Amino acid sequence: MRTAASMDGMDKHDEAQPQAHTIPDGGKARRVYLILRDAIQNGRHMPGDALPGELALAESHGVSRVTIRRALDALAADKLIERRPGSGTLVRSPSHQSAEIRVDFAELMPQIVRMGKETEARLLSFSYGNPPAPVVDALELPDNTQVQRAVRLRLIDGQPFSHLTTHVPEHIAKRFSEADLATTPLFHLLERSGVRVEYARQSISAVLATPEVAEVLSVSVGAALISLTRAVFDDAGHGVEHLAALYRPDRFRLEMALERVGDGAERHWEMVDSPARQAGAA
């Protein structure tokens, strides 16, 4: 896993607080924001470049200066630009941009475990009760099984990037405390409790941010999020953890390496398993 997370140039208040918002409300301001953000992130506006003035931007995008100002305010909150009175609006260098987690898809599980050690977590809620039906089905739980439900926010350099909801059967969860969950990755707590994790089923999709999730991740309601769902089983085939993770796509990225294999009509793309396999193939 590689993190890009330098926050040089921020004052102490900025460093301690998550960003207040990203995508602005309002269709026109959101459209301008997304166009400018894409241009910055794809190198069409390079670090140090001055963006056109508000009037020029308003004319080129066919919107009002108020709309442009809202879009620029959101870009500034994302640390993508810097607005200097008398000097205009400048694109910030990558070292000043938002923290980002990048994970190699072929080594997703061990890298997510390492990510738990290298980032900060805040426990948002903690309770015991009946699991929802999707958790019961995914973990193949017996009837009337009680579970621990914990919701955590994970941050890098003080900025939120993932919202995690876990369900663990009560007889396992009672082996660690609420305080443990606030300081220790769940995988370590399971292993420390004597659980021998054997395999997992995992799926990745996309969802829209609900008001509750949007508030803690500092995104707009309805913003697109990466959704990762995982059901974990022990060596006896019993479900021991269900994870529903939501990631900000501007701060979390899944990457994979592909290679062409096979002959003739059977030739196809296949994911490279690991650096070791890459070296062997070479």
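So the values come out like this:
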| item | result |
| --- | --- |
| Flag if VAL213 is in a helix (DSSP H, G or I), of a type outside the set (Ser, Thr, Tyr), modelled with pLDDT of 90 or more and in contact with a strand residue (DSSP E or B) (Cβ under 7 Å, 6 or more places away or on another chain) | yes |
| Spans of helices (runs of 4 or more DSSP H) in the stretch 1-118 with at least 2 residues more than 17 Å from SER220 (Cα to Cα) and at pLDDT below 80 | 12-16, 27-41, 108-118 |
| The stretch 166-182: number of residues that are within 23 Å of the chain's Cα centre (by Cα) and basic (Lys, Arg) | 0 |
| The stretch 210-237, subset closer than 17 Å to ARG175 by Cβ and not charged (D, E, K, R), residue surrounded by the fewest Cβ atoms within 10 Å (Cβ to Cβ) | ALA236 |
| Selection within the stretch 145-163 - at pLDDT 90 or above and among the polar types (S, T, N, Q) | THR145, GLN146, GLN148, SER162 |
| The lone exception for HIS188 - which of (1) out of contact with any Leu (no Cβ under 8 Å at 6 or more places or on another chain); (2) in a strand (DSSP E or B) it fails | (2) |
| Pick from the stretch 217-239, criterion at pLDDT 90 or above and assigned to a loop (DSSP other than H, G, I, E, B), ranking: farthest from the chain's Cα centre (by Cα) | ALA236 |
| Scope the stretch 148-168; condition over 13 Å from LEU246 (Cβ atoms) and touching a residue at least 60 places away in the same chain (Cβ under 8 Å); matching residues | LEU155, ILE156, ASP157, GLY158, GLN159, HIS167, VAL168 |
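Residues checked against (1) closer than 22 Å to ARG251 by Cα; (2) assigned by TED's automatic domain parsing to the domain that holds LYS79; (3) touching a strand residue (DSSP E or B) at 6+ places or on another chain (Cβ under 9 Å); (4) surrounded by 16 or more Cβ atoms within 10 Å (Cβ to Cβ):
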{"site": "VAL135", "(1), (2), (3), (4)": "no, no, yes, yes"}
{"site": "GLU140", "(1), (2), (3), (4)": "no, no, yes, no"}
{"site": "GLN159", "(1), (2), (3), (4)": "yes, no, no, yes"}
{"site": "THR166", "(1), (2), (3), (4)": "yes, no, yes, yes"}
{"site": "GLU170", "(1), (2), (3), (4)": "no, no, yes, no"}
{"site": "LEU189", "(1), (2), (3), (4)": "no, no, yes, yes"}
{"site": "GLN202", "(1), (2), (3), (4)": "yes, no, yes, no"}
{"site": "LEU208", "(1), (2), (3), (4)": "yes, no, yes, no"}
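The values are calculated or read from the model by the stated rules, or taken from the named source; none is laboratory data. Given the structure is predicted, the values throughout are model-derived calculations rather than measurements. For neighbour counting, all protein chains shown are included, and Cβ atoms are generated from backbone atoms with ideal geometry for every residue, glycine included.
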